[in-house]
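The values are calculated or read from the model by the stated rules, or taken from the named source; none is laboratory data. Given the structure is predicted, the values throughout are model-derived calculations rather than measurements. Because the Cβ atoms are built from the backbone with ideal geometry, glycine has one as well, and the counts that use them run over all protein chains shown.
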Amino acid sequence: MRAVVLVGGFGTRLRPLTNSVPKPMLPVGHVPIIERLVANLGRYGVTEVTFALGFKPEPFVAAFPDGHCAGVALRYAVEPEPLDTAGAIRFAAEAAGIDDTFVVANGDVLTDLDVSALVDFHRAHDAEATIHLIGVPDPSAFGVVALDDAGRVERFVEKPAPGTAPSNLINAGTYVLEPSVLARIAAGQKVSIERVTFPAVAADGGLYAMATDDYWLDTGRPELYLQANLDLLAGLRRHDTCAPVHPAARVAPDAVLVQAVVGEGTQVGAGARVERSVLLPGAVVGDRAVVTDSVVMGRVGAGAEVRASVLGADGVVAPGEHVGGERRPDPDGT
Ligand code: GDD
Ligand code: MG
């Protein structure tokens, strides 16, 4: 089975982290998001993945130099301009020569979904397209479906206004598609699978969906990216876990780490405390500094306190400074 993985977005909501690292390459438990995602596809029968990219593939080629990611063969399709989700799927599927049933995944989603079960469901229903669903309390930030008793999608609504969603079942970002779906997408144009293609397939009666209660998380916002790391550390994933401290981190013997993922090459000074936080490669936490509920790529000075904040590679907190609820450098600043 072949797959297209969408990795062309800019990761705007994860700035300033994505100023220096593309969203799919940000590590969750020391391993890039995209590698954990591809590992789960490979576990359930995907043998080749095409990354649908809207920008240069160099960081990916450098990270996966032998043309494999998590043991799965890799190809790249780089759009001349961003084609939105459906446009990107068509472009990548053509580049890879896909002419049979295939899998698509949003590149920022981490899930334990058994993809082979989704393929089986798709075939059993003779579907043209099948979507993986997850139930959530507030569906307004997602694609939402109304289903009939047979699992057929009657309606697909992308990001409905709060209070208007037809159910609590959301598009979880993994699909099984027939090649006939590609023919519905205008070539070389910006087309959204969520706003255009899925509603059209649903109207023709060929869109199905399967809900599961597997682990699922969209890593696209800082608090969720942090959560993905802490969940893995806490053992909430079915197949994976991670060590709290990367072997190549330098942590002072009397530093206190509580629910912390401390990445490769980071430094944590004497008497520092890091709690419910992620330190990414490049991070330096000074002596006696306290970091809680934060993601840090930059530098925290001695004795500083950082709470519920995101420091990008160029983010600096001065010695003794107290920071709460900030992003540095400020992505909305000039
Ligand atoms: N190649 C390419 N080109 N990829 C793109 C483009 C593009 O023009 N635009 C977006 N993508 C990729 C993103 O990188 C991401 O992996 C995926 O498509 C989805 O885009 P997001 O920007 O993350 O969308 P979202 O999270 O708001 O909503 C999507 O995911 C939800 C589940 O997490 C939708 O599919 C929703 O329906 C869904 O519920
Ligand atoms: Mg997303």
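Residue by residue, here is whether (1) within 10 Å of ligand 1 (Cβ to nearest atom); (2) surrounded by fewer than 20 Cβ atoms within 10 Å (Cβ to Cβ); (3) not aromatic (F, W, Y) holds:
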site: G151; (1), (2), (3): no, yes, yes
site: G163; (1), (2), (3): no, yes, yes
site: V181; (1), (2), (3): no, no, yes
site: Q189; (1), (2), (3): no, yes, yes
site: R195; (1), (2), (3): yes, yes, yes
site: D214; (1), (2), (3): no, yes, yes
query = Tally time: how many residues in region 218-250 are in contact (Cβ under 8 Å) with a residue 40 or more places away in the chain and within 16 Å of ligand 1 (Cβ to nearest atom)?
reply = 7
request  = Could you tell me whether region 229-237 includes any residue that is in the same structural domain as A105 (by TED's automatic domain parsing) and within 16 Å of ligand 2 (Cβ to nearest atom)?
outcome  = no
request  = Would you point out which residue out of A187, A95, A127 is at pLDDT below 95 and among the aliphatic types (A, V, I, L, M)?
outcome  = A187
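Residues are listed down the side, and each one gets a yes or a no for (1) within 18 Å of D120 (Cα to Cα); (2) touching a helix residue (DSSP H, G or I) at 6+ places or on another chain (Cβ under 8 Å); (3) of a type in the set (D, E):
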position: V144; (1), (2), (3): no, no, no
position: A161; (1), (2), (3): no, yes, no
position: L177; (1), (2), (3): yes, yes, no
position: I185; (1), (2), (3): no, yes, no
position: Q189; (1), (2), (3): no, yes, no
request  = State whether one or more residues within region 170-181 are at pLDDT 95 or above, touching an Asp or Glu at 6+ places or on another chain (Cβ under 7 Å) and of a type in the set (S, T, Y).
outcome  = yes
request  = State yes or no: is G45 in a loop (DSSP other than H, G, I, E, B), crowded, with 20+ Cβ neighbours inside 10 Å and not polar (S, T, N, Q)?
outcome  = no
note = Filtering region 165-179 down to residues that are hydroxyl-bearing (S, T, Y) and crowded, with 24+ Cβ neighbours inside 10 Å yields T174, Y175
key: Residues located in region 29-61, provided they are within 23 Å of L226 (Cβ to Cβ) and either among the β-branched types (V, I, T) or under 16 Å from the mean Cα position of the chain (by Cα) (or both)   = G29, H30, V31, P32, I33, I34, E35, R36, L37, V38, A39, N40
key: Lone unmet requirement of (1) within 14 Å of ligand 2 (Cβ to nearest atom); (2) within 14 Å of A211 (Cα to Cα) for D120   = (1)
ask   = Going by the conditions given, is T12 near ligand 1 (Cβ under 10 Å from one of its atoms), modelled with pLDDT under 95 and out of contact with any Pro (no Cβ under 6 Å at 6 or more places or on another chain)?
value = yes
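Among the residues of region 72-91, is any away from ligand 1 (no atom under 16 Å from the Cβ) and either assigned by TED's automatic domain parsing to the domain that holds T197 or within 19 Å of the chain's Cα centre (by Cα) (or both)?
Looking through region 72-91, at least one residue is away from ligand 1 (no atom under 16 Å from the Cβ) and either assigned by TED's automatic domain parsing to the domain that holds T197 or within 19 Å of the chain's Cα centre (by Cα) (or both).
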message = I need the full set of residues from region 68-109 which are among the acidic types (D, E) and more than 16 Å from ligand 2 (Cβ to nearest atom), in order please.
response = E79, E81, E94, D99, D100
ask   = Considering region 264-277 alone, what residues qualify as being surrounded by fewer than 22 Cβ atoms within 10 Å (Cβ to Cβ) and either under 25 Å from the mean Cα position of the chain (by Cα) or of a type in the set (A, V, I, L, M, F, W, C) (or both)?
value = E264, G265, A270, E275, R276
note = Residues of region 138-176 being within 16 Å of ligand 2 (Cβ to nearest atom) and not aliphatic (A, V, I, L, M), in sequence order, are D138, P139, S140, F142, G143, E158, K159, N171, G173, T174, Y175
ask   = Quick check: is even one residue across region 32-45 closer than 23 Å to A86 by Cβ, acidic (D, E) and not assigned by TED's automatic domain parsing to the domain that holds T266?
value = no
In region 16-48, the residues that are in contact with a Lys or Arg (Cβ under 8 Å, 6 or more places away or on another chain) and within 13 Å of ligand 1 (Cβ to nearest atom) = I33
